[in-house]
1. For the range 37-152, what value does the Rg/Rh ratio take when both radii are computed over Cα atoms and Rh is the Kirkwood radius, given to two decimals?
2. As an exercise, use a Förster radius of 30 Å and the Cβ-Cβ distance of residue 115 and residue 83 to find the FRET efficiency, rounded to the nearest 0.05.
3. How large is the helix-only mean residue ellipticity at 222 nm for the chain, computed as the sum of -39500 (n - 2.57) over DSSP H runs with n ≥ 4, divided by its residue count, in deg cm²/dmol to the nearest 500?
4. Label residue 186 and residue 36 with points 7 Å out from Cα along Cα→Cβ: what is the distance between them in nm?
5. Give the relative contact order (percent, whole number) for the range 76-220; include only Cα pairs under 8 Å separated by 6+ residues.
6. Taking the inverse of the average 1/r across all pairs of different Cα atoms in the range 172-221, what Kirkwood radius in Å do you get?
7. For the chain, take the longest principal axis of its alpha carbons; what is the angle in degrees between that and the long axis of helix 56-68, to the nearest 10 within 0 to 90?
8. Can you report the principal axis dimensions of the range 68-217 using only the alpha carbons, biggest first, rounded to whole angstrom?
């Protein structure tokens, strides 16, 4: 298979390089995205090319949604996505990336542990922003790019202080991430799920798009 090199020495197959050129053309022809091209690194585009199976039109739609989320829908949330700003939050290790070893067929798995989240110290937006950083780091793995990502929420230790933060607004933010991040998600599983969480989700899930509702499942204790 022929390999093409970008200026940052990323390895592109011939098909990926052609897809990259077509995406740049689509962005250059779009008034909203023209100014993004110089900031849209080849590393980021390669993640999307592999995640969305060389589908430039799908990548274009996701890019448009991401821009809309960052600049119009949730600008305050995305302004927090900075490892320096989030250093105290990241130090709490609420998120964990599962090491799959030599398994090349598994999606990238990121776990969020409720028992490590104190909502009085870390806001919902800060927790979500930290999750975005973990997702981006995981998406740099070529296997994860091709197999997608899976999000696991460990509800062990969940308390009323967590539950009362749940709202349609929070669900809409999670819905935005499922639709706009450069990595394709193949599932979201809530484990150690007490009945109250399952009941709450059944109420709030209608804020998710129908496709995203199908990605979410819960395993009760």
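Values in this text are rule-based calculations from the coordinates and carry no lab data. No experiment lies behind these values; they were computed from the predicted model shown. Neighbour counts are summed over all protein chains in view; Cβ atoms, including those assigned to glycine, are modelled from backbone coordinates with ideal geometry.
1. Values: Rg = 15.2 Å, Rh = 15.4 Å.
We get a ratio of 0.98 for the range 37-152.
2. Numbers: r = 23 Å, r/R0 = 0.78.
Taking R0 as 30 Å, the efficiency between residue 115 and residue 83 is 0.80.
3. Taken over the chain, the calculation gives -13000 deg cm²/dmol.
4. 2.6
5. Values: 203 pairs, mean separation 33.8, N = 145.
After rounding, I find 23 percent.
6. Numbers: mean 1/r = 0.0870 Å⁻¹.
Evaluated on the range 172-221, it is 11.5 Å.
7. The answer is roughly 50 degrees.
8. 39, 33, 30
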